[in-house]
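Single-structure report; data block below.
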Amino acid sequence: MSPEEFRRFGRQVVDWIADYYAGIESHPVRSQVRPGQVRAQLPAHPPERGEPFEQVLRDLDAVLMPGVTHWQHPNFFAYFPANATGPAILGDLLSSGLGVQGMVWATSPACTELETVVVDWLAELLGLPEHFRTDAAGGGVIQDSASSAALVAALAALHRASGGRVAREGITRRHTLYVSAHTHSSLERAARMVGVGADNVRVVDVDPATLGMDPAHLAALIAEDLAAGAVPTMVCATVGTTSTTAIDPVRAIGEVCRARGVWLHVDAAYAGVAAVCPELRWINDGVAEFADSYCTNPHKWLLTNFDCSVLWMADRAPMIDALSILPEYLRNPATTSGEVIDYRDWQVPLGRRFRSLKLWSVLRWYGAEGLREHIRGTIGLAQEFASWVRDDPRFELLEPHPFALVCFRPRFPELSTEEADERIFAIMESLNESGELYLTHTKVDGRMLLRVAIGSPQTEQRHVRAAWKRIQEAFTA
Ligand code: PLP
């Protein structure tokens, strides 16, 4: 494709995206295709001859679009949001255009140095502690996902707990990792991947009132494991659990970890970005004093296209020691000088995209003010939605709901819990199939709850009001 052809088709693509956003409400929120429908319309074999780009765009409309679920639709209330915005899309396009692979500083100094600036900016915007900054002992790095961040944290924790032996000898002792039943599954996956094993993932009780991890039970499990000769290696505390946005008591958990020298990872994948608002910084109470690592995802609720998850370390040394290998083909004067950062040592893959461009673009376009407005606006809509649920006796509301997720349950007093769960699931599915809105469910204490997560910059009060009306009609018909 020549530069002139690129210009022509690039304009078409940008127009296509702009039209998509302008008309997004005309699509059903959740794709209505049947399994295999998209694939059946695509050729089984790749083209022998190149095709005009127009045909790609034509098939995008005719074949792929029916199979797209519209995450940016204002009536998308499912899961947590995956915000996409103009500045992030353009930043990502620039990254693709440059085609930089920034595995080490020398392979594109700007890729590394912009990332350092941007993660330090974000730490400042979120009020994270000074020692998370790159000029201190810690530092941040952009990962593809919170799952990768958890894996890197677990590798660093194992490295520290084993005095570096794991990197050489593999796992020779029983290392244990601590989560609650509400911790994201990526932590158990990290335990499996690093070789700790799922059997050594200890599940700490939660306080039934808050669904936060019980620090006393954590201390008891750690003491039990120590007595049995195990090496308690990492605890994951969550700020904003996936199911209900519960907050683990990081400070009390941190005190337990500190007393036993256990690594504390804080998973704030969804909710951490809320700390751009000073009035919400309480969610990170204890992080400054106790967290060894901390992760939040701008690619969820902070207006930045997937993928962009930021992991900070209080001390970067165990992570770098765990992951750094310098093969001859990567040796270069900048790396050997020790004056530069090579982010390849801060992640699992070697290669890395220029992801900081999109986060930079978002931070500059919105400014701190714009980011706060987005977080406050979506929380405001969620709180309004929660007040409508609270006021309707046909529904029960799960308290508290400090962010932009509301969990609730329609009451079916004449049905058993199982029967009610089946009814709730079936009605939710019919709502989702209608294409008008998209919500999900979870289970807490064996009872199904509906989840409405508000987070799109496209969502206005009229959308939330219409969704509530639709939900009321569906569940009380
Ligand atoms: N941690 C929490 C609390 C989450 O809610 C999620 C996803 O929703 C994750 C981790 C995993 O995020 P990612 O898709 O970035 O791996």
Within the range 423-441, is there a residue that is closer than 30 Å to residue 279 by Cα, part of a loop (DSSP other than H, G, I, E, B) and out of contact with any Asp or Glu (no Cβ under 8 Å at 6 or more places or on another chain)? yes
For the range 193-227, how many residues meet the condition of being surrounded by fewer than 16 Cβ atoms within 10 Å (Cβ to Cβ), in a loop (DSSP other than H, G, I, E, B) and among the small types (Gly, Ala, Ser)? 3
Scan the range 385-422 residue by residue and report those that are assigned to a helix (DSSP H, G or I) and closer than 21 Å to residue 210 by Cα. 385, 386, 387, 389, 390
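Count, please, the residues in the range 155-170 that happen to be β-branched (Val, Ile, Thr) and either surrounded by fewer than 15 Cβ atoms within 10 Å (Cβ to Cβ) or more than 16 Å from residue 318 (Cα to Cα) (or both). It would help to see each step written out before you state the result.
Our first condition is that a residue be β-branched (Val, Ile, Thr); within the range 155-170, this holds for 166.
Next cut, either surrounded by fewer than 15 Cβ atoms within 10 Å (Cβ to Cβ) or more than 16 Å from residue 318 (Cα to Cα) (or both) only: none.
The qualifying residues number 0.
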Taking the condition of being touching a Phe, Trp or Tyr at 6+ places or on another chain (Cβ under 6 Å) and either of a type in the set (Lys, Arg) or modelled with pLDDT under 95 (or both), how many residues in the range 1-52 meet it? 1
Taking into account only those residues within the range 261-312 that are surrounded by fewer than 24 Cβ atoms within 10 Å (Cβ to Cβ) and within 11 Å of the ligand (Cβ to nearest atom), which is nearest to residue 80 (Cα to Cα)? 306
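Being in contact with a helix residue (DSSP H, G or I) (Cβ under 8 Å, 6 or more places away or on another chain) and farther than 24 Å from residue 403 by Cα narrows it down to one of 167, 228, 216, so name that one. Give the steps one after another, and end with the answer.
Values: 228 fails: in contact with a helix residue (DSSP H, G or I) (Cβ under 8 Å, 6 or more places away or on another chain); 216 fails: in contact with a helix residue (DSSP H, G or I) (Cβ under 8 Å, 6 or more places away or on another chain).
Result: 167 is the single residue among 167, 228, 216 that is in contact with a helix residue (DSSP H, G or I) (Cβ under 8 Å, 6 or more places away or on another chain) and farther than 24 Å from residue 403 by Cα.
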Scanning the range 145-173 residue by residue, those touching a His at 6+ places or on another chain (Cβ under 8 Å), away from the ligand (no atom under 16 Å from the Cβ) and modelled with pLDDT of 95 or more turn out to be 157, 158, 161, 162
From the set of residues in the range 174-192 that are part of a strand (DSSP E or B) and more than 14 Å from the ligand (Cβ to nearest atom), which is nearest to residue 237 (Cα to Cα)? 178
Which one of the conditions (1) within 16 Å of the ligand (Cβ to nearest atom); (2) without any contact (Cβ under 8 Å) to a residue 24 or more places away in the chain does residue 241 fail to meet, given that it meets all the rest? (2)
Given the conditions (1) under 21 Å from the mean Cα position of the chain (by Cα); (2) of a type in the set (Asp, Glu); (3) over 26 Å from residue 273 (Cα atoms), report the number of the one that residue 124 does not fulfil. (3)
Can you name the residue in the range 432-477 that is hydroxyl-bearing (Ser, Thr, Tyr) and over 22 Å from residue 302 (Cα atoms) and is also surrounded by the most Cβ atoms within 10 Å (Cβ to Cβ) among such residues? 442
All conditions in (1) more than 16 Å from the ligand (Cβ to nearest atom); (2) at positive phi are true of residue 9 except (2)
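Restricting the search to the range 323-342, which residues are small (Gly, Ala, Ser) and surrounded by fewer than 14 Cβ atoms within 10 Å (Cβ to Cβ)?
Here is the first cut: in the range 323-342, the ones small (Gly, Ala, Ser) are 324, 334, 337-338.
Those that are small (Gly, Ala, Ser) and surrounded by fewer than 14 Cβ atoms within 10 Å (Cβ to Cβ): 324, 337, 338.
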Return yes or no: is residue 135 within 24 Å of residue 152 (Cα to Cα), in a loop (DSSP other than H, G, I, E, B) and among the acidic types (Asp, Glu)? yes
Scan the range 175-185 for residues that are surrounded by fewer than 24 Cβ atoms within 10 Å (Cβ to Cβ) and farther than 13 Å from residue 198 by Cβ and jot them down. 181, 182, 184
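Determine whether residue 235 is part of a helix (DSSP H, G or I) and in contact with a Leu (Cβ under 7 Å, 6 or more places away or on another chain). Before you say what the answer is, go through the steps one by one.
Working: part of a helix (DSSP H, G or I): no; in contact with a Leu (Cβ under 7 Å, 6 or more places away or on another chain): yes.
No.
The values are calculated or read from the model by the stated rules, or taken from the named source; none is laboratory data. As the structure is a computational prediction, the values presented were derived from the model and not from experiment. Note that each Cβ is placed from the backbone with ideal geometry, even for glycine, and that neighbours are counted across all protein chains shown.
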